[in-house]
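Comments concern the structure below.
The values are calculated or read from the model by the stated rules, or taken from the named source; none is laboratory data. Quantities reported herein were computed from a predicted structural model and do not represent experimental measurements. Here the Cβ positions follow ideal geometry from the backbone for every residue, glycine too, while neighbour counts run over all protein chains shown. SASA here: full protein model, heavy atoms, side chains in, ligands and nucleic acids out. Shrake-Rupley method; radii C 1.70, N 1.55, O 1.52, S 1.80 Å.
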Amino acid sequence: MGIARLIVSVSVAMLLVACASRPINVPITQVDPQSGYRPYLLLPERKNNDLTTLMILSFSGGGTRAAAFSYGMLEELRRTEIVVQGEHRRLIDEVDIITGVSGGSFTALAYALYGERLFSEYETRFLKRDVEGALIARMINPFNWWKFIGGSAGRSELAAEYYDEILFEGATFADLLDKPGPVALATGTDLSSGSRLIFFQNDFDLLCSDLNKVRLSRAAATSSAVPVVLSPVTFNNYGGTCNFQYPLWVKEVSDPETRARPSGRAYQRYREMQNFQNSKDRPYIHLVDGGVSDNIGVRAALEFLEELEASSAYAEQLRFGDIRRIVLMVVDSKSAPHTDWDKRETPPGFVTQLLQSTSVPIEKYSFETVEIMKDMAEVMLWKRQLKVAQARLAGSSESQAEASVPTLSLKVIAVSFDEIDDPVERAYFMELPTSFVLEPEEIDKLRNVAGQILRESNDYADVVRSFNVIPQ
């Protein structure tokens, strides 16, 4: 009887293997700009938030190392007291948007879902759990193969199932709509084009799909789907079937002959949007780790500033006029393992060369992106000073000139292991592996050093002080 039952079980498993399939994202027939998980709808509804400041946190990729480092930064923001319009608050309450890539996406999405609960549960539920070992055990278990072999599902779908069990509890983006905390934006990379696809309704409009029905676990699995190690996450593309209307800034940048600088990145994004809309030739979109296209999650913010610069009508549509300053905190948990290659005549092996050839461009790209944002902050300050000077030359008094020119400043704060002065301590953190398992003491050190870096940052101190005096 036992053998017969085993044969039946194996036969059923084989049949299931042949039809294993992934979750299918739901189509929409009409875009509704006034509904869904959209920052411009959700942010104005937040209570007791300073609407003149747009505060963005950017959490990089890097497995558990990134998740713990970004969590430590949230802990420090939670400890930091500020005064907003005479009311004592915590700086974490002023965070509006968190972008997350790969490991950083888990912290971003979990905080958006749980809020204060995160600080009592995240360590045991995710950070100090052997996530990597559990995933490997599930993937080599033959009884799980029917879930990701022989159909449109893959190893990342099995990972998403596990993330639901330990962290997200089946929550979807619809469950975030009434949450009082920040908007969390996880990012994936289109394997075919290298374009970003962010998990918010604006980008899912391109696919003519309803993000509300998508599980947070699937977004996290997508953002951390390291190529080769994990499978791409596949979404149906219904683009071009829901009367999608391009945003107002597209009109200003779509003509290469007339668009002004700087708008090259916005124009490139427009071309990517067109590509997503082509469901006739691209009925499926295969997404991998968001770090492939932007490992620190800052490119979207860079393009957004260009879009605002290109179109004042777009800024008005988003009710952006009340914002006087943008604070961008880039939390980069990059790794730089020590090597002794240069001490040997024989170069490293093929696999090592391949890994290094992919990681170096990603790190260089991340560095350049942060530097571009810092340069943009200086340009924005310079442009305002120029307009004030022009107003004074036209006969306005100093106070009149200052009042006549709208204020929009950008403050970029880099939070990375590069900011650690002690070379031995810095090397320790940079040599931690990019995996989904670390020792508990390593987790604690990552959390603590994140707070230390912030407390020692002059830029951070400036932001804390500035909340008492908002530019008028």
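Out of curiosity, is Tyr314 surrounded by fewer than 24 Cβ atoms within 10 Å (Cβ to Cβ) and in contact with a strand residue (DSSP E or B) (Cβ under 6 Å, 6 or more places away or on another chain)? Taking the combined requirement at face value, the residue does not satisfy it. Out of curiosity, is Arg155 closer than 17 Å to Val288 by Cβ, crowded, with 22+ Cβ neighbours inside 10 Å and charged (D, E, K, R)? So Arg155 fails the test. Evaluating Asp175 against the criteria (1) of a type outside the set (Ser, Thr, Tyr); (2) part of a helix (DSSP H, G or I); (3) closer than 20 Å to Pro44 by Cα; (4) open to solvent by less than 40 Å² (accessible area, probe 1.4 Å) leaves one unmet condition, (4).
Filtering region 408-435 down to residues that are in a loop (DSSP other than H, G, I, E, B) and of a type outside the set (A, V, I, L, M, F, W, C), which residue is most open to solvent (accessible area, probe 1.4 Å)? Result: Asp421. Checking Asn141 against (1) within 20 Å of the chain's Cα centre (by Cα); (2) without any contact (Cβ under 8 Å) to a residue 12 or more places away in the chain; (3) farther than 30 Å from Lys47 by Cα: exactly one of these is not met. Which one? Condition (1) is where Asn141 drops out. In contact (Cβ under 8 Å) with a residue 24 or more places away in the chain, under 17 Å from Val229 (Cα atoms), in a helix (DSSP H, G or I) and open to solvent by less than 20 Å² (accessible area, probe 1.4 Å): does that describe Leu118? It is false that Leu118 is in contact (Cβ under 8 Å) with a residue 24 or more places away in the chain, under 17 Å from Val229 (Cα atoms), in a helix (DSSP H, G or I) and open to solvent by less than 20 Å² (accessible area, probe 1.4 Å). Scanning region 342-358 for residues that are at pLDDT 65 or above, assigned to a helix (DSSP H, G or I) and either open to solvent by less than 90 Å² (accessible area, probe 1.4 Å) or closer than 30 Å to Asn448 by Cα (or both) turns up just one, Thr352.
For beta carbons closer than 7 Å, sequence separation of 6+ or different chains, a first residue in region 146-166 that is more than 20 Å from His286 (Cα to Cα) and a second that is aromatic (Phe, Trp, Tyr) and modelled with pLDDT of 70 or more, the qualifying pairs are Ile166/Phe126.
Yes/no per residue for (1) at pLDDT below 80; (2) hydroxyl-bearing (Ser, Thr, Tyr); (3) in a loop (DSSP other than H, G, I, E, B):
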| site | (1), (2), (3) |
| --- | --- |
| Pro247 | no, no, yes |
| Glu257 | yes, no, yes |
| Arg269 | no, no, no |
| His286 | no, no, no |
| Tyr314 | yes, yes, no |
| Ile326 | no, no, no |
| Val330 | no, no, no |
| Ser335 | yes, yes, yes |
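Each residue in region 7-49 was checked for being part of a loop (DSSP other than H, G, I, E, B), touching an Asp or Glu at 6+ places or on another chain (Cβ under 6 Å) and at pLDDT below 90, and 1 pass.
Within region 448-466, the residues that satisfy the criterion of being open to solvent by less than 30 Å² (accessible area, probe 1.4 Å), hydrophobic (A, V, I, L, M, F, W, C) and either without any contact (Cβ under 8 Å) to a residue 40 or more places away in the chain or within 16 Å of Phe417 (Cα to Cα) (or both) are Val449, Ala450, Ile453, Leu454.
Might you check whether a residue that is out of contact with any Leu (no Cβ under 8 Å at 6 or more places or on another chain), over 24 Å from Ser120 (Cα atoms) and either open to solvent by less than 30 Å² (accessible area, probe 1.4 Å) or in a loop (DSSP other than H, G, I, E, B) (or both) occurs anywhere in region 61-71? The answer is no; no qualifying residue exists. Taking region 288-300 as the range and being open to solvent by 20 Å² or more (accessible area, probe 1.4 Å) and assigned to a helix (DSSP H, G or I) as the test, the residues that pass are Val292, Arg299, Ala300. Checking each residue of region 180-191 against the condition of being modelled with pLDDT under 90, open to solvent by 60 Å² or more (accessible area, probe 1.4 Å), more than 26 Å from Ser35 (Cα to Cα) and not in a helix (DSSP H, G or I) gives no match.
Using the structure shown, decide if Arg129 is open to solvent by 50 Å² or more (accessible area, probe 1.4 Å), part of a loop (DSSP other than H, G, I, E, B) and out of contact with any Asp or Glu (no Cβ under 6 Å at 6 or more places or on another chain).
Details: open to solvent by 50 Å² or more (accessible area, probe 1.4 Å): yes; part of a loop (DSSP other than H, G, I, E, B): yes; out of contact with any Asp or Glu (no Cβ under 6 Å at 6 or more places or on another chain): yes.
For Arg129, the condition - open to solvent by 50 Å² or more (accessible area, probe 1.4 Å), part of a loop (DSSP other than H, G, I, E, B) and out of contact with any Asp or Glu (no Cβ under 6 Å at 6 or more places or on another chain) - is met.
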